[in-house]
Amino acid sequence: MKKAKRPTNVWLKIIGLVVLLLILIGASVGVTLMAIGTLDVEVVKKQGKPVADIFEAEKICHARIRVDHGDTLNSVNLDERSGRYDKSNSEYQLFYQLNIYRDKTRRTGTAVFYTNCYISSVDGSIARMEYLEHGEAKSDVKKRSDTNFIGL
């Protein structure tokens, strides 16, 4: 006795093909409208407002530090002597010392962090933020006893 073949569900395949066809037609129409300028979709990020001076860059950095650390932030100290504009990268470089509470209860004392903030002068975006916690660092350099004063 032969087993009867199960009928394939043709309707599911037809519906799937119709859906795929509609997606392709929609994408084609969308790209065409974008090309002729009728449909305004932001594909490339629009540039922000240029930063005119270091004071505007300070405001941007302060806001980012407050967002990053929130209630755990105790104090922010800007190193005004080291802040500068780097022409080669078109960035403002600002350097901070932060005192941050070790937990949200504010009872465990503070840790000291050194923060470098780089602001693009072209669009006012934060190019990068670098945080370094101050701590007791020990040097791995050891003087060998079988060398001369130069180390050879």
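The values are calculated or read from the model by the stated rules, or taken from the named source; none is laboratory data. On a predicted model such as this, the values are computed, not experimentally measured, just so you know. So basically every Cβ, Gly included, is an ideal-geometry build from the backbone, and we count neighbours across all protein chains shown.
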Out of all the residues in segment 37-53, is one or more at pLDDT 75 or above, among the hydrophobic types (A, V, I, L, M, F, W, C) and touching a Gly at 6+ places or on another chain (Cβ under 6 Å)?
-> yes
For residue 68, indicate whether it is of a type in the set (Asp, Glu) and surrounded by 12 or more Cβ atoms within 10 Å (Cβ to Cβ).
-> yes
Condition test on residue 92, is it crowded, with 17+ Cβ neighbours inside 10 Å, touching a helix residue (DSSP H, G or I) at 6+ places or on another chain (Cβ under 7 Å) and either within 16 Å of residue 129 (Cα to Cα) or at pLDDT below 90 (or both)?
-> yes
Counted residues, segment 44-94 - those being part of a loop (DSSP other than H, G, I, E, B) and of a type in the set (Phe, Trp, Tyr) = 0
Only residues in segment 99-113 that are in the same structural domain as residue 79 (by TED's automatic domain parsing) count as the first member; pair them with residues that are surrounded by 12 or more Cβ atoms within 10 Å (Cβ to Cβ) and small (Gly, Ala, Ser), Cβ under 9 angstrom, at least 6 apart or cross-chain, and list the lot.
-> 99/111; 100/111; 101/111; 102/111
Taking the residues in segment 95-120 that are closer than 14 Å to residue 61 by Cβ and of a type outside the set (Phe, Trp, Tyr) as candidates, determine which candidate is surrounded by the most Cβ atoms within 10 Å (Cβ to Cβ).
-> 119
